[in-house]
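Worksheet: the structure to be examined is printed underneath.
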């Protein structure tokens, strides 16, 4: 996996565009939200290309709706492919979810029922997407707040089966695992222990809002101690993996995010200096 390990990155957000260009911070790579740049031109595109000249990038989408029963949006996929041709990202990712019905986008990442029927449906759609894009897709686990009576397996069994059958890769969101473990009363370590290390290409870290009886993935707080601990456990199992911090609301100065990213660097240094790991490469 070291061939694919980009190091430690941040989500590229509008308030930081100029700071990134001015200061060229100690960040190994940036992740962009694909939909924010699927436009013909303008200031976002200017900053995108200027920053891309200095840093590796990956593309992360929120609108593919890979789990929907509606047909894949081929116009969207073509715009996504065009953006990829411009950016030349290290990889492209989206979410293991559905986002709307009858042409209406909920602007939320809705969880799937964990069934064999859903697996077969999603696998075929991933294959279509990968054929269109000409590259493997990374799928991210989402946080969830409901469960389906039709589900016949765990989320991690569902996730593993899809990436194996579709021959795609995982973007493992550690915060989402923690959030869902709290909401659905499962052991987050069981989730990590069941994931195939060879499929994990990227890790997300983020903050959430804890209401005691439930937890919401809001991306508006610092990463909390339990999520840092789960990240440590993930690295012990998976070895070095490209890691980034997401922040989408209550966005602090860039220097503050870099300080937080340095916590991830320190944890990785501690884990990998104490436990040499060899891992298989998938994809």
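Once the Cβ-Cβ distance between residue 152 and residue 73 is put in as r, and R0 is 25 Å, what FRET efficiency do you end up with, to the nearest 0.05? Once rounded, the FRET efficiency stands at 0.30.
The residue 23 and residue 273 beta-carbon pair, evaluated with R₀ = 30 Å, returns a calculated FRET efficiency of approximately 0.55.
Counting only DSSP beta bridges with both residues in the range 2-274, the antiparallel share comes to about 15 percent.
Would you indicate which of (i) 37; (ii) 48; (iii) 33 is the value of percent of Cα pairs over 27 Å apart derived from the coordinates of this structure? Entry (i). Label-to-label distance, residue 190 versus residue 36, with points set 7 angstrom from Cα along the beta-carbon direction: 3.6 nm. Comparing 51, 126, 66 in a Gaussian network model of the chain (Cα springs below 10 Å), the most mobile by mean-square fluctuation is 51.
Model label points for residue 229 and residue 46, set 7 angstrom from Cα along the Cα-to-Cβ axis, are 4.8 nm apart. Length gained on full extension, residue 108 to residue 214: 36.4 nm, using 0.36 nm per residue less the C-alpha separation. If you bin all the Cα-Cα distances of the range 128-283 at 10 Å, starting from zero, the percentages per bin are 10, 38, 36, 16, 1. Measuring from a point 7 Å past the Cα of residue 5 along Cα-to-C-beta, which residues in the range 252-271 have an amide N at less than 11 Å? Within reach of a label on residue 5: 268-271. Placing pseudo-labels 7 Å out from each Cα toward the beta carbon at residue 265 and residue 248 gives an inter-label distance of 2.7 nm.
Quick note: the coordinates plus some simple rules give every number you see, no bench work behind them. Keep in mind that this is a model prediction, so the values were computed, not measured. Cβ: placed from backbone, ideal geometry, glycine included. Neighbour counts: every protein chain shown.
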